[in-house]
1. Of the residues A:165, A:140, A:133, A:160, which is part of a helix (DSSP H, G or I) and without any contact (Cβ under 8 Å) to a residue 24 or more places away in the chain?
2. With the requirement that a residue be surrounded by fewer than 21 Cβ atoms within 10 Å (Cβ to Cβ) and either over 21 Å from residue A:139 (Cβ atoms) or within 10 Å of the chain's Cα centre (by Cα) (or both), what does the range A:74-92 give you?
3. Given the structure, is residue A:106 in a helix (DSSP H, G or I), farther than 18 Å from residue A:39 by Cβ and either more than 14 Å from chain B (Cβ to nearest Cβ) or not small (Gly, Ala, Ser) (or both)?
4. Taking the range A:140-170 as the search range and keeping residues that are surrounded by fewer than 19 Cβ atoms within 10 Å (Cβ to Cβ), under 22 Å from residue B:6 (Cβ atoms) and of a type in the set (A, V, I, L, M), which one is nearest to the other protein chains (Cβ to nearest Cβ)?
5. Looking at the range A:114-127, can you tell me whether even one residue there is among the small types (Gly, Ala, Ser), away from every other protein chain (no Cβ under 14 Å), in contact (Cβ under 8 Å) with a residue 40 or more places away in the chain and closer than 16 Å to residue A:42 by Cα?
6. Looking at the range A:103-112, which of its residues are of a type outside the set (A, V, I, L, M) and crowded, with 19+ Cβ neighbours inside 10 Å?
7. Run down B:13, B:29, B:62 and say which single residue is within 12 Å of chain A (Cβ to nearest Cβ), part of a helix (DSSP H, G or I), of a type outside the set (A, V, I, L, M, F, W, C) and free of Cβ contacts under 8 Å to residues at least 12 places away in the same chain.
Amino acid sequence: MNWLGAVLILVSTTWIGFELAKKVRERPKQLRQLKVGLQSLEAEIMYGLIPLDEAFLHLSSQLKGPVARFFLEVSNRLDESASSVLEAWEESLAGLSDASAFKKEEIEILRQFGATLGRHDRENQQRQIKLTLSHLERELAEANEAQVKYERMYKSLGILTGLLLIILLF
Amino acid sequence: MGFDVNVVFQIAGLGIIVAMLHSVLKMVGKEDYAHWVTLLGFIVALFIVISLLSDLFQKVKGVFLFQN
């Protein structure tokens, strides 16, 4: 019975460690997806002259993961209920911050970008997208660094904490 | 001699694990946390030792003062 409890503790803390490591690992991937998305949004606005809801629908089919779901959600809200782009963007952003591995900084960058959506002419909109992309580039470099540093730390911390608890309780 | 050898192993294991935690945390540059972990491990080990010592003193009291 003792051994069963020990194994359960070890498995659960190891699992927690791996989940945290996964979050650190997913963040650069999702940031890259987001950058790809914004770049194609720029292309759609500049050259395609496509309305925003259709553009977001295209984006969500090109991407994958939580970022794709985010764009799909914005598109749906624009189609159905929302009174303004800003409102649809903000509401979907709340869902994104739960579903993705993004930190507060990225969500804040996206919120500021959403405030400019659909308010300017094409050139200004392009400038805003470029600005957002450069912000995201900085975050991506930081996220890559954090991944190298913290991924292994979370894994070993999980296992070691489990062993420590087992020894203390034994 | 009802001395329990398991306690010695427990303290030894505690030391090993805490040392590994310390080195992992130090490797990623969280040295302040590393020191806290070491300190906490030291305190826990002291508590284990203190409980053993209190057993010893109870026994000494029982032998020489004829209590219990």
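None of the figures in this text is laboratory data; all of them are computed from the coordinates on show. Note that this is a predicted model, so its numbers are computed, not measured. Positions of Cβ are generated from backbone atoms using ideal geometry, with glycine treated the same way; all protein chains shown enter the neighbour counts.
1. Values: A:165 fails: without any contact (Cβ under 8 Å) to a residue 24 or more places away in the chain; A:140 fails: without any contact (Cβ under 8 Å) to a residue 24 or more places away in the chain; A:133 fails: without any contact (Cβ under 8 Å) to a residue 24 or more places away in the chain.
One residue alone meets the criteria, A:160.
2. Of everything in the range A:74-92, those that are surrounded by fewer than 21 Cβ atoms within 10 Å (Cβ to Cβ) and either over 21 Å from residue A:139 (Cβ atoms) or within 10 Å of the chain's Cα centre (by Cα) (or both) turn out to be A:76, A:77, A:79, A:80, A:81, A:82, A:83, A:84, A:85, A:86, A:87, A:91.
3. It is false that residue A:106 is in a helix (DSSP H, G or I), farther than 18 Å from residue A:39 by Cβ and either more than 14 Å from chain B (Cβ to nearest Cβ) or not small (Gly, Ala, Ser) (or both).
4. Only one residue fits best here, namely A:168.
5. From the range A:114-127, those among the small types (Gly, Ala, Ser) are A:114-115, A:118; that's our starting set.
Adding the requirement that they be away from every other protein chain (no Cβ under 14 Å) leaves A:114-115, A:118.
Okay, now just the ones that are also in contact (Cβ under 8 Å) with a residue 40 or more places away in the chain, so A:118.
Subset that is closer than 16 Å to residue A:42 by Cα: A:118.
Checked the range A:114-127: at least one residue is among the small types (Gly, Ala, Ser), away from every other protein chain (no Cβ under 14 Å), in contact (Cβ under 8 Å) with a residue 40 or more places away in the chain and closer than 16 Å to residue A:42 by Cα.
6. Answer for the range A:103-112, where residues must be of a type outside the set (A, V, I, L, M) and crowded, with 19+ Cβ neighbours inside 10 Å: just A:106.
7. Going through B:13, B:29, B:62 in turn, just one is within 12 Å of chain A (Cβ to nearest Cβ), part of a helix (DSSP H, G or I), of a type outside the set (A, V, I, L, M, F, W, C) and free of Cβ contacts under 8 Å to residues at least 12 places away in the same chain: B:13.
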